[in-house]
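Values in this text are rule-based calculations from the coordinates and carry no lab data. Predicted, not measured: the structure shown is a model, and the values here were computed from it. Backbone-built Cβ (ideal geometry, glycine too); neighbour counts: all protein chains shown.
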């Protein structure tokens, strides 16, 4: 029995979300990592609140990038290990749809969760409440873009024994524009100047990766699974 | 008229062509770099603002241009190899990556040596400098991805895809001085209108650029021979080529 593309997409997202919620520790670990990294910075920086406030956008964004990267490794790995991914490829659905579904589900459980947790971290770092909306919007756009970039990297490193290190090496250089504009948006929101330039740039990057990265990621999976 | 193009997909032909071309490239590269160095370092007048330190341009600019050119060559070769499944494309990409990484390191090092007397700092987190550094990381990523796979064919194709994806960084490096307010100076030579440089300074620079390009061609030819031989080591023509 074959199902339509939308139905396949919906079923796959549902499956991924089910799997994630059955193993809550996998959901929570990147978030805990995010919290720990951001608390390590103030401890290392002598607890000067003024200094901390200047650095907080950068700290927040670097921690967000690292914690998203931490969970990217699992995007295709477990499915590739037990053969599910091969079955999905053979299912007759386009590989692009499969990659899009998996990446969307991955973003919902990591990126979106991170956006929701970010106000707690932001409060601890001394970011004013007025800047929360911009910060959360920029994080949402940034983590979604990162998920797409990460899907390419994760696809390329399926089946590699030390793929995790290589994955960081591939994805982090490509994600530097996110860090620059994301931190800039948060920084400007704190100082009260116009944030739209940086937000537009993040949105453009997000649209760019949303449209092109699925094809690249599907090609990557095809190469490594062959 | 297309036969020469088809021939480029044949490893024995490419091996022979690379062996024949390498000495020519090397010879002309030596001439161009020789003239550029003498004219640039000794004959060209000192800059009215930067004095003698501007002579760093004769190494810095050609190597920076070549870091981008090499990446583009690598990405195009990778794209050709992925789309038409031409194995020689992978060999060209694999041979280019270390050369491009070396040009990038050279551009970064000469840039920071030049930056110290002019800007007062070896390094600034400036868009041009940062994107060039990212270019270096991309080269490293492509090279390590290629070597990470046990199956070389798979490693080739994975690295090729990454090279094609990473090509988005090339226009970012090139236009970074235009798009952002940058510490790095803007375009001097390649722009609309006349170059903002007198001929006595410009000609040595163009000669160095040509020389670096020819030098890349020469090193590529030598490395490509090694890559092709290694990839085709099971083929019968390799045995004959090595015997003769």
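Quick rundown of the values:
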item: Directionally averaged shadow of the protein assembly as shown, computed from the convex hull of its alpha-carbon atoms, nm²; result: 27.9
item: Kirkwood estimate for chain B, i.e. one over the average of 1/r between Cα atoms, Å; result: 19.4
item: Separation in nanometres of the label points that stand 7 Å from Cα toward Cβ, at residue A:208 and residue B:234; result: 4.1
item: Percentage relative contact order, chain A, counting C-alpha pairs under 8 Å, at least six apart; result: 26
item: Order of B:60, B:90, A:14 under a 10 Å beta carbon neighbour criterion, fewest first; result: A:14, B:60, B:90
item: Virtual spin-label span in nm between residue A:35 and residue A:124, 7 Å along Cα→Cβ; result: 0.7
item: Estimated inter-spin distance, residue B:47 and residue B:7, nm [label 7 Å along Cα→Cβ]; result: 4.5
item: Peptide-level mean, for A:166-177, of C-beta atoms on other protein chains within 10 Å; result: 6
item: Part-to-part distance (alpha-carbon centres) for the stretch A:158-226 and the stretch A:36-79, which is given in Å; result: 16
item: Whole-number D in µm² s⁻¹ for the stretch B:55-188, Kirkwood Cα-pair radius fed into Stokes-Einstein, 4 °C, 1.567 mPa s; result: 85
item: Translational diffusion of chain A, µm² s⁻¹ [Kirkwood Rh, Cα pairs; Stokes-Einstein; 10 °C; 1.306 mPa s]; result: 88
item: Rh by Kirkwood over Cα pairs, then Stokes-Einstein D for the stretch A:11-113 at 0.890 mPa s and 25 °C, µm²/s; result: 159
